[in-house]
Amino acid sequence: MEKDFKVEESTDVKKTPKRIAFIKGRTAARVKQEDEEMVMTVPHLVVREIIAFEVMVIVLAIISLLFDAPLEWIANPDHTPNPAKAPWYFLGLQELLHYFPPVVGGVLLPALAVVALIVIPYFRINVKGIGLWKGNRKRTFVTLIVSVGIVSIVLLMFEVFAMLIPTLIITAFMVVPYFFTKKNRFVEWLGNLPLSWWVMTWFVVIVVVLTAIGTLFRGPGWSWTWPWEGIY
Amino acid sequence: MRTYLERVFESQVWRSMFRHGLPESNRTRAETVFYNFFLHVHPTKVRRRSVKFTYTWGLGGLSVGLFIVLTVTGALLMLYYRPSIPQAYSDMKDLQFVVSSGQFLRNMHRWAAHAMVAVVFLHMLRVFYTGSYRPPKEFNWVIGVILLVVTILLSYTGYLLPWDQLSFWGISVGTNMVRAMPFGLGDQISFLLLGGNIVGEYALVRFYVLHCFIIPVVAMILMGIHFWRVRKDGGV
Ligand code: HEM
């Protein structure tokens, strides 16, 4: 059995009396790090907070002096602009609606994303932070290829290249440590990344790509337009 | 000058407000945090590692900062804004051309709102990649996800208020997405949100109340819990 307790050592008897801490599994960062250097909140933290806030307000003020908030003509329900776009943070969703039926793109997928985010800590995901290739390599490889294959076929069916291409690129990076076993800093780094890291990174890349396409590359009739042809 | 100030700092009036001396010794520094309502969200001492800017990137703090800027500029904008048609739109024009610094005020509110959505999202990424959602912080992560949704809703309800073409069609697109919800739920929710079947006067009033009162109050309560738990769980 793995040793599941450790003795916390300290040279400063007044600060840390000798004690034995029973730590089941790996938990919060605060139990991992022992005897950490502490600083006073005033001034160290509070001064930093004040500076950060002031810099932020100054940057906002400069931006506000340079760029005006948009204001178009008064709302007219009889005159639909083409394309009609939601604000930028929903354009990833609007892009999804372009590929999938409304129930899937507008309800199912976003609901799934929020639920997936909420359950992250409960699946003890990444708690141990074990690299993807640390277990049975063959089985990991087969599972990975099958899952990515299924996702890719679905994406291909709906012709969602905007999601398919990033998915394949990320998968390519995932399998690099499987094929290249030579000692190399980059390969080693890739091999140590846990599955949760890959899933989150995949999610973020997809969100960014879809949002960017919806914002910059979509024109009348949701057709593909290059940014230099106009941003709608 | 110095002795004069010292007399002020030691006066009964001053001491009744601030129960500690100037933060000159570690004791009074600790007391400054301890006895101050606003600072007591912090512990009196923090780990040097978590104070390092490149650990949190200050993103949670900046989210709070943006919320404060938005509250201040938003309250000022409310002085000039009437949530009805066509006054809402003409008030925007007045802000641009009549009210002193009205355009600046509007710009600050608008850009800070966009920034807040992005910064809160980045804060979530920071928390994920540093593994800071691990027990015992798992519920605070959940509160965080709800805060992200609330932040987006805040921004989105504000988007309708200028009542220009951007607002109207932006909200129409969004409420059409809501309508896609199955079991007739979509129609009911969108009817509830809009106070009707189309984006009209009642929708404007509802979005106004949601944007200026209901959602900010919910956000403040959630933030209160969020910070309290960061503190209890041994965070920054
Ligand atoms: C209105 C939005 C939010 C505000 C104002 C806010 C504010 C903060 C602040 C000030 C901290 C202290 C550490 C830091 O600055 O990074 C913090 C920590 C934390 N936040 Fe947020 N947050 C928000 C949204 C979120 C979201 C969307 C998530 C995740 C889904 C989240 C999860 C957490 C967690 C788990 C911690 C503890 C991290 C640690 O102890 O290292 N928060 N938050």
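The values are calculated or read from the model by the stated rules, or taken from the named source; none is laboratory data. Keep in mind that what you see is a predicted model, and the values were worked out from it rather than measured. Here the Cβ positions follow ideal geometry from the backbone for every residue, glycine too, while neighbour counts run over all protein chains shown. We work out accessible area using only protein heavy atoms, side chains counted, and drop any ligands, DNA or RNA first. Shrake-Rupley method; radii C 1.70, N 1.55, O 1.52, S 1.80 Å.
Observations on the model:
- Estimated at the nearest 10 Å², the accessible area of A:V146 is 80 Å² with a 1.4 Å probe.
- Segment B:1-65: C-alpha gyration tensor shape, a/c 1.5 cut-off, then a/b vs b/c: prolate
- Solvent-accessible ranking of B:R206, B:R29, B:R106, largest area first, probe 1.4 Å: B:R206, B:R29, B:R106
- Taking θ as phi - 60° and the Karplus parameters 6.51, -1.76 and 1.60, the scalar couplings of segment B:167-174 work out to 4, 4, 7, x, 6, 4, 4, x Hz in sequence order, x denoting glycine and proline.
- Put A:E54, B:E10 in order of accessible area, highest first, and with a 1.4 Å probe you get B:E10, A:E54.
- Residue-level accessible surface for B:T71, protein heavy atoms, 1.4 Å, Å²: 70
- Accessible solvent surface per residue of the protein assembly as shown, calculated while the other protein chains remain in place, 1.4 angstrom probe, Å²: 58
- In this structure B:S16 has an accessible area near 80 Å², from a 1.4 Å probe over the protein heavy atoms.
- Cα Rg over Rh - segment A:83-229, Kirkwood: 1.02
- Under the convention that each Lys and Arg Cβ holds +1 and each Asp and Glu Cβ holds -1, the size of the dipole of segment A:83-229 around its Cα centre is about 840 debye.
- Computed Kirkwood radius, in angstrom, where 1/r is averaged over Cα pairs of the protein assembly as shown: 25.7
- Largest GNM mean-square fluctuation among B:K45, B:K93, B:K137, using chain B with Cα springs under 10 Å: B:K45.
- Positive end of the dipole of the protein assembly as shown (Cβ unit charges, origin at the Cα centre): among A:P121, A:V154, B:L105, the Cα lying farthest that way belongs to A:P121.
- Square roots of 5 times each gyration tensor eigenvalue, C-alpha, segment B:103-236, largest first, Å: 31, 18, 13
- For chain B, the alpha carbon convex hull comes to 177 Å³ per residue, rounded to a whole number.
- Placing unit charges on the Cβ atoms of the charged side chains and taking the dipole of chain B about its Cα centre, the candidate lying farthest along the positive direction among B:G196, B:G158, B:P43 is B:P43.
- Heavy-atom accessible area order for B:H123, A:H79, largest first, 1.4 Å probe: A:H79, B:H123
- Around the Cα centre of the protein assembly as shown, unit charges on the Cβ atoms of Lys, Arg, Asp and Glu (plus for the first two, minus for the last two) sum to a dipole of about 2320 debye.
- Listed cross-link partners A:K134/B:K137; A:K134/A:K182; A:K134/B:K52; A:K183/B:K52; A:K182/B:K52; A:K138/B:K137 are compared with a 24 Å cut-off, the Cα-Cα value being larger for A:K134/B:K137; A:K134/B:K52; A:K183/B:K52; A:K182/B:K52; A:K138/B:K137.
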